[in-house]
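First up is the structure itself, then whatever we jot down about it.
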2 protein chains.
Amino acid sequence: MGSIGHVTPQKLSFDAPLPLKSGATLANYELVYETYGTLNAARSNAVLVCHALNASHHVAGTYAGQDKSEGWWDNLVGPGKPLDTRHFFVIGVNNPGSCFGSTGPGQVNPATGRPWGADFPVVTVEDWVDAQARLLDALGIQRLAAVIGGSLGGMQALSWTLRHGERVAECIAVATAPNLSAQNIAFNEVARRAIITDPDFHGGHFYAHGVVPRRGLRVARMIGHITYLSDDSMEQKFGRALRDAELGYSTQEIEFQIESYLRYQGDKFSEYFDANTYLLITRALDYFDPAREFGGDLSAAFAGARDHRFTVVSFSTDWRFSPARSREIVKALVDNRIAVTYAAIDAPHGHDAFLLDDPRYHGLLRATFERIAGEVQA
Amino acid sequence: MGSIGHVTPQKLSFDAPLPLKSGATLANYELVYETYGTLNAARSNAVLVCHALNASHHVAGTYAGQDKSEGWWDNLVGPGKPLDTRHFFVIGVNNPGSCFGSTGPGQVNPATGRPWGADFPVVTVEDWVDAQARLLDALGIQRLAAVIGGSLGGMQALSWTLRHGERVAECIAVATAPNLSAQNIAFNEVARRAIITDPDFHGGHFYAHGVVPRRGLRVARMIGHITYLSDDSMEQKFGRALRDAELGYSTQEIEFQIESYLRYQGDKFSEYFDANTYLLITRALDYFDPAREFGGDLSAAFAGARDHRFTVVSFSTDWRFSPARSREIVKALVDNRIAVTYAAIDAPHGHDAFLLDDPRYHGLLRATFERIAGEVQA
């Protein structure tokens, strides 16, 4: 089982305006992407990997000269890995609105000559899927062997079957949900308020002030991080362990190791993530709700997805998108007699489990992709 | 079942310094308290009610001329109510460090002539219980018929049996835990970071600047509020309901009713609650851990509590202090063959259930206090 080795991101410019769900339009946008493996002659072995909140097109491999630059799903994608690049042509693409290279709020708005900031149009899961479809056009790929994603990426994978169903054979949706619960939205909203009320946010136009709303980003990330980990794994990893040997009796200094860990995560995040991107991506999460156009009937939403095969994976301790949310998706598929494999993985790691290499989880994905590889080559 | 009617808070000054767990000392402190009902001739019918994070001595009744000024546990305490003031002399006391009248960080530090601010000493559950014991001394009450509290108040009730066991007959601990989990501490820490990194916090000495760290307090309260409600009750109350008829596609404006609700809760809280008090009280929560001195052995911690009777109550959907945390307390008591009644109430309201009047919950407390009333009069 080898590594992909060094990879190089590529960039494509799109001149045709992208109509957005909000009614606005994104013109002249660029998409950054990476590919791994080789597209076969029939152009039938492409697998699209959709990224979640703070990830990017850099799914696997490393960048030359950069230590610790492994892609975010490097344990899944590579030669001999579950998503085997000896058989598949794997595509990672950075979504518009992000801060990792594709057109986003930190880049210059051609209409004004200044960074987009808060004026960047609101983007949705559906808009991202449409942008991804155009990238496939440019790459000469008519139909995906599979689309896969975890969390917000899983929402994109689901959306592919609903918006461009004729262009995807298989959908693998991991640790995701058919929409956000009130509690999910609530956590997003607190994170957004922390960012927006940071005096350095300047209404989303902080670039012009030479500052970054670091305080808000730190708090947002800390909140997010709590929801990514399970109560149990946090307890096992940190428990009530103190940083120092004795209590210091302070309200402002670090006492417990969990505090130290969270502050570190927040600090690190605030150094590289764009505040407007955080708002945009949490909003895309809030808005995703394919059942909405069908009066809340998720089964009706999936009625047209009959030509696909689905794999749905949940993790027992994921309290952000609990197994019950995956079962809602499975039920909607079963209601439509659509082929679906549902794996409820018993794993202690909470939502973050989708990024880890639990053997049962990866075993399932390996078997799934081996089957797909057989179908592609048949 | 009647209301207590109008009540008036009282205040007592204490000249003997209060030694604190941190090693510091609190001198010349005042305690604000309220009492309901009449102390009997034997002085044996007193029940102490301990308050949680954002509550106070004002447990029941109303203030003359103030609409909607019902005490925070008014549904529990009054003539004919479960904690019946026709039989009991009920005491509510505001803990030091609070912002509702007892000596706290917003008040003037006699040593400097300026508000204490961040210099207010760190107070613990044990310190509060010691201060409460001195109030009983002043009121001429040697022994409590019972001590009761929910959440952080429940920790105080437990601590009473460990610190002043000879002065309390019965402990009623509702929706509480023997210590905070890593996740509990994590949520507290995020809230504290939001406050401390608010530029208007000024290191805890914002009073001198004529400002209040309102942004941080709002975020802190929003986070807290999410943890007080169950996922289910939030879903039933708000779900994905929009504030307006149509989506507005905005990252900064309110789209969902849950956002509107949380912002309102945050705004309201930031208008009356002191930022330093928030830090102090969340720290008191973090620090509470009676098993710590016994190498983490909670049963050993309760070994001396044999002369009490305990009632422990948990709520099925409370994910802040889950039923499993109550069962840890019950196990420690049972290990010591201490009399304990444990009620696991199936209620949809999450942690906040302890403030509501679920009939099974109130029925249990009514029966418990009726039994105690019989014993007091015997």
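Which percent of the Cα-Cα distances in the range B:1-51 go past 16 Å? Provide the component values of the computation, followed by the final result.
Values: 819 of 1275 pairs.
Value for the range B:1-51: 64 percent of Cα pairs lie more than 16 Å apart.
Over the Cα atoms of the range A:204-256, Rg to Rh with Kirkwood Rh, two decimal places?
1.15
Specify whether the C-alpha gyration tensor of the protein assembly as shown places it in the rounded, prolate or oblate class, a ≥ b ≥ c being the square roots of the eigenvalues: rounded for a/c under 1.5, otherwise prolate if a/b is larger than b/c and oblate if not. Kindly include the intermediate steps, with their values, before the conclusion.
On the way: a/c = 2.29, a/b = 1.94, b/c = 1.18.
Since a/c reaches 1.5 and a/b is larger than b/c, the shape of the protein assembly as shown is classed as prolate.
Please list 3J(HN,Hα) in residue order for the range A:170-184, calculated via the Karplus relation 6.51 cos²θ - 1.76 cosθ + 1.60 where θ = phi - 60°; whole Hz, with x for glycine and proline.
Result, ordered by residue: 9, 10, 10, 10, 10, 6, 10, 8, x, 5, 7, 6, 4, 5, 4 Hz.
Order B:Ile195, A:Ile4 by their accessible area, 1.4 angstrom probe, all chains in place, largest first.
Working: B:Ile195 0, A:Ile4 45 Å².
From most exposed to least exposed: A:Ile4, B:Ile195.
Put a label point 7 Å from Cα along the Cβ direction on A:Arg263, then list its distances to the equivalent points in the other copies in nm, shortest first.
Nearest first, the other copies' label points are 3.2 nm away.
Summarise the partner chain shielding of A:271-281 as one whole number: the mean count of Cβ atoms from other chains within 10 Å of each residue's Cβ. Walk me through the numbers on the way to the answer.
Details: counts 0, 0, 0, 0, 0, 1, 0, 1, 3, 1, 1.
Taking the mean over all residues of the peptide, I get 1.
Give me the accessible area of A:Asp15, 1.4 Å probe, in Å² rounded to the nearest 10.
Only protein atoms counted, so the area is about 120 Å².
With +1 on each Lys and Arg Cβ and -1 on each Asp and Glu Cβ, how big is the dipole of the range B:214-303 about its Cα centre, in debye rounded to the nearest 20? Numbers along the way, then the final one.
Numbers: 11 positive and 15 negative charges, 62 e Å.
That gives a dipole near 300 debye.
Take every Cα pair under 8 Å in chain A that's 6+ residues apart, average their separations, divide by the length, and report that relative contact order as a whole percent. Let's see the in-between values first.
Details: 780 pairs, mean separation 64.4, N = 378.
Relative contact order, chain A: 17 percent.
Report the number of Lys pairs in the protein assembly as shown whose alpha-carbons are under 29 Å apart, with separation of 8 or more residues or on distinct chains.
24
Using a 1.4 Å probe, how large is the accessible area of B:His51, given in Å² and rounded to the nearest 10?
Solvent-accessible area, nearest 10 Å²: 0 Å².
Shortest first, in nm, what separates the label point of B:Glu293 from those of the same position in the other copies (7 Å along Cα→Cβ)?
Distances between equivalent label points, in nm: 6.5.
Do the sum for the protein assembly as shown: with -39,500 (n - 2.57) for every DSSP H run of n ≥ 4, divided by all residues, what is the mean residue ellipticity at 222 nm, to the nearest 500 deg cm²/dmol?
Details: 20 runs with 258 residues, N = 756.
Using -39500 (n - 2.57) per qualifying helix, the result is -11000 deg cm²/dmol.
Under a 5 Å amide H to amide H cut-off, with H placed in plane at 1.01 Å, what residues pair with B:Gly104 once short-range neighbours are removed?
Under 5 Å from the amide H of B:Gly104 lie the amide H atoms of B:Gly97, each far enough along the sequence or on another chain.
Shape call for the range A:105-244 from the C-alpha gyration tensor, a ≥ b ≥ c root eigenvalues: rounded (a/c under 1.5), prolate (a/b greater than b/c) or oblate?
Details: a/c = 2.56, a/b = 1.18, b/c = 2.16.
Note, shape of the range A:105-244 comes out oblate.
Counting protein heavy atoms only and a 1.4 angstrom probe, how many square angstrom of accessible surface do chains B and A bury in total, to the nearest 100? Working shown, then result.
On the way: alone 16240 and 16250 Å², together 27410 Å².
By this definition, chains B and A bury close to 5100 Å².
Using a 10 Å Cβ count of at most 15 others and DSSP loop calls, identify the longest part of chain B lacking such GluC sites (Glu not before Pro). Working shown, then result.
Values: sites that count: B:Glu246, B:Glu253.
In short, B:1-245.
List the residues whose amide H sits under 5 Å from the amide H of A:Asn109, counting only those 5 or more places along or on another chain, with H placed 1.01 Å from N in the peptide plane.
Result for A:Asn109 returns A:Arg114, A:Trp116.
Which value, in Å² rounded to 10, gives the accessible area of A:Cys99 with a 1.4 Å probe and all protein chains present?
Its accessible surface works out to 40 Å², give or take rounding.
For the range A:225-378, count the residues as N, evaluate 2.2 N^0.38 Å, and divide the Cα radius of gyration by that value, please.
On the way: Rg = 20.4 Å, N = 154, 2.2 N^0.38 = 14.9 Å.
Against the empirical 2.2 N^0.38 Å value, I get 1.37 for the range A:225-378.
Can you work out the Karplus-derived ³J(HN,Hα) for every residue in the range B:8-13? Use 6.51 cos²θ - 1.76 cosθ + 1.60 with θ = phi - 60°, whole Hz, and x for glycine or proline.
Each residue's phi maps through the Karplus curve to give 10, x, 10, 9, 10, 9 Hz.
Please report the projected area of chain B's Cα convex hull averaged over all directions, in nm². Write down the numbers at each step before the final one.
Working: hull surface 78.8 nm².
That works out to 19.7 nm², a quarter of the Cα hull's surface.
If I take every Cα pair under 8 Å that is 6 or more residues apart in the range A:1-140, average their sequence separation and divide by the length, what percent do I get for the relative contact order?
On the way: 271 pairs, mean separation 37.5, N = 140.
Worked out over the range A:1-140, it gives 27 percent.
Sort shortest first the distances from A:Asn40 to its counterpart in every other copy, using label points 7 Å along the Cα-to-beta-carbon line, and give them in nm.
8.7
Quick check: from the Cα gyration tensor, does the range A:187-292 come out rounded (a/c under 1.5), prolate or oblate? All intermediate terms of the calculation are to be shown ahead of the outcome.
On the way: a/c = 2.98, a/b = 1.43, b/c = 2.08.
Oblate.
Using modelled backbone amide H atoms (1.01 Å from N, in-plane), which distant-in-sequence or interchain residues come within less than 5 Å of B:Thr341's amide H?
B:Phe310, B:Thr311, B:Val312
The values are calculated or read from the model by the stated rules, or taken from the named source; none is laboratory data. The shown structure was predicted, so the numbers you read here are calculated from the model rather than taken from an experiment. Ideal geometry is used to build each Cβ from the backbone, glycine not excepted, and the neighbour counts take in all protein chains shown. Ligands, DNA and RNA are stripped out before the accessible areas are found, and what is left, the full protein with its side chains, is counted by its heavy atoms. Shrake-Rupley method; radii C 1.70, N 1.55, O 1.52, S 1.80 Å.
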